[in-house]
Amino acid sequence: MQPVSSAANGYVYKQLRRLGLSDALALETAPLVKVQAHDAGKRLWTKGAEVGHWMFIIQGLVSASVPTTNSESTPISIYGRGAWFGEQSIINRKPSFADYVCLTGTEVLTLPAARFDHLFVNEPNFARFVAKLMAWRVQKTSETLTLMKLGNPCMRVVMGLAQFAEALAYHSDRPPTVGFGEGVEIPISQNTLASLCGVSRTLFSEYVQQLAQHGWLKLSYGKLEILSITAWHAFARRQREDNLNTLNASIQDLLALLKAANTPP
């Protein structure tokens, strides 16, 4: 673990201020923050281990994955650049519920759990930030559980991709209340994305190929780019606001909904 260099102090200070810390408290806390760099495949924590730090992704992607009986892991969520993670285990004082694995080369900031606890108990603005973060993640988890329990494979893939785009574009820390750019790149394999969507690699490939043919995705080796991201944003929002969730739609139905979401009112 590396100490934060003087050149990086300003970056750390800026991130701490975004958490609601005062100028003085951010300056006091900054020296406790360290930098770690990890290769793809590195486990930051294993399931059942103590979570000793709250982490922030400077660069890279991290998945929360659950070990399965075939000695492999099934990813259940991903965190991208700008995301904090690990707060659930620290607040609950429970071991990690999953393996946290670097999907790509990753660089993180680490804040000791003891300091996180102190800030959470004593600093209302910090506690408010963490509460909003956790509330949004609970909503995302509820959506995922609904899709996995009731949604057909096609809906899992399309809505799952919309969720990944939101997580990466919004740093997994707030609901979609600001506009997206034109596209969001997901630089991980289709095998991993298929697992995150709860479908087979074959079904995932079938649906993403059709989405790509209609201009909603761009596929290349080892990564996938979601295009016309404002339409995906509107599509996901309408799914949340609709009184009757469309959980058994065909790919044609979902292509039509994406097209409608891309049409100005």
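The values are calculated or read from the model by the stated rules, or taken from the named source; none is laboratory data. Since the model is a prediction, treat every value here as computed from it, not as a measurement. Cβ atoms come from the backbone with ideal geometry, glycine included; neighbour counts cover every protein chain shown. Only protein heavy atoms, including side chains, enter the accessible area calculation; ligands, DNA and RNA are left aside. Shrake-Rupley method; radii C 1.70, N 1.55, O 1.52, S 1.80 Å.
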Fill in the blank from the handout: Heavy-atom accessible area per residue of the chain, all protein chains kept, 1.4 Å probe, expressed in Å², is 49 Å²
Fill in the blank from the handout: HN-Hα couplings for segment 143-152 via Karplus (6.51, -1.76, 1.60; θ = phi - 60°), in whole Hz with x for Gly/Pro, come out as 4, 5, 4, 4, 4, 5, 7, 10, x, 6
Problem - Cut-off under 5 Å, modelled amide H: who pairs with Ser65 long-range - result: Ile76, Asp99, Tyr100, Val101
Problem - Amide proton proximity set for Val184, modelled H, under 5 Å, gap of 5+ - result: Ile226
Practice task
Please identify, among Thr104, Thr202, Thr74, the residue showing maximal mean-square fluctuation in a Gaussian network model of the chain using a 10 angstrom Cα cutoff.
Solution key: Thr202
Exercise for the section: Using only the Cα atoms of segment 181-226, build the gyration tensor, take square roots of its eigenvalues as a ≥ b ≥ c, and label the shape rounded, prolate or oblate: rounded if a/c is under 1.5, else prolate if a/b is larger than b/c, else oblate. Expected result: oblate
Handout entry: Point-to-point label distance, Leu247-Val138, nm (Cα→Cβ direction, 7 Å offset)
Key = 2.1 nm
Exercise for the section: Provide the gained length on full extension for the span Met148 to His214, in nm with one decimal, where the gain is 0.36 nm per separating residue minus the Cα-Cα distance. Expected result: 21.2 nm
Completion exercise
Taking 134-145, 92-103, 185-196 and ranking on average Cβ neighbours within 10 Å, highest first, one gets 185-196, 92-103, 134-145
Practice task
Collect residues whose amide H, placed 1.01 Å from N in the peptide plane, falls under 5 Å from the amide H of Lys42; neighbours closer than 5 in sequence don't count.
Solution key: Cys102
Problem - For the chain, size of Cβ-based charge dipole, Lys and Arg +1, Asp and Glu -1, in debye - result: 200 debye
Practice task
Taking all protein chains together and a probe of 1.4 Å, list Lys14, Lys259, Lys149, Lys223 from the most accessible to the least accessible.
Solution key: Lys149, Lys259, Lys14, Lys223
Problem - Residue of Leu61, Leu168, Leu25 that the Gaussian network model of the chain assigns the largest fluctuation, springs spanning Cα pairs under 10 Å - result: Leu25
